[in-house]
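Note sheet for the following structure.
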Amino acid sequence: MTEPHTNYLQANKSFKVKQKLAKASKQNRPLPQWIRLKTDNTIRYNAKRRHWRRTKLGV
């Protein structure tokens with residue numbers, strides 16, 4: 001069961017919601033390899049990675 005405010009499969013989105021979804025999709029990517037080299041492998045993965053089914057944005 002989904003709450004009505006998290007169900008954004010509709011075509012009619014407000015601009016604010018669309019911006020938030022776009023930002024979230026851009027942030028949801030793996031760590032660049034040059035950062036692993038730069039930090040001498042102390043940072044190994046993106047801790048803020050989000051899966052579309054497990055964790056919802058709540059927009």
Non-local amide H neighbours of residue 56 (under 5 Å, H modeled in plane, Pro and chain starts lacking H): which ones?
none
In degrees from 0 to 90, rounded to the nearest 10, what is the angle of the helix 15-27 Cα long axis to the longest principal axis of the chain?
30
When the Karplus curve 6.51 cos²θ - 1.76 cosθ + 1.60 is applied with θ = phi - 60°, which whole-Hz ³J(HN,Hα) does each residue of region 30-36 get, with x for Gly and Pro?
x, 5, x, 5, 5, 6, 5
Show me, for region 43-59, the HN-Hα J-couplings you get by feeding each phi into the Karplus relation (A = 6.51, B = -1.76, C = 1.60, θ = phi - 60°), rounded to Hz, glycine and proline as x.
9, 9, 8, 7, 6, 9, 5, 10, 9, 5, 9, 6, 10, 9, 7, x, 8
How many lysine pairs in the chain, separated by 8 or more positions in sequence or lying on different chains, have Cα atoms less than 26 Å apart?
20
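Only the coordinates and a few stated rules stand behind these numbers; no lab work does. Being a predicted model, the structure only gives us computed values, none of them experimental.
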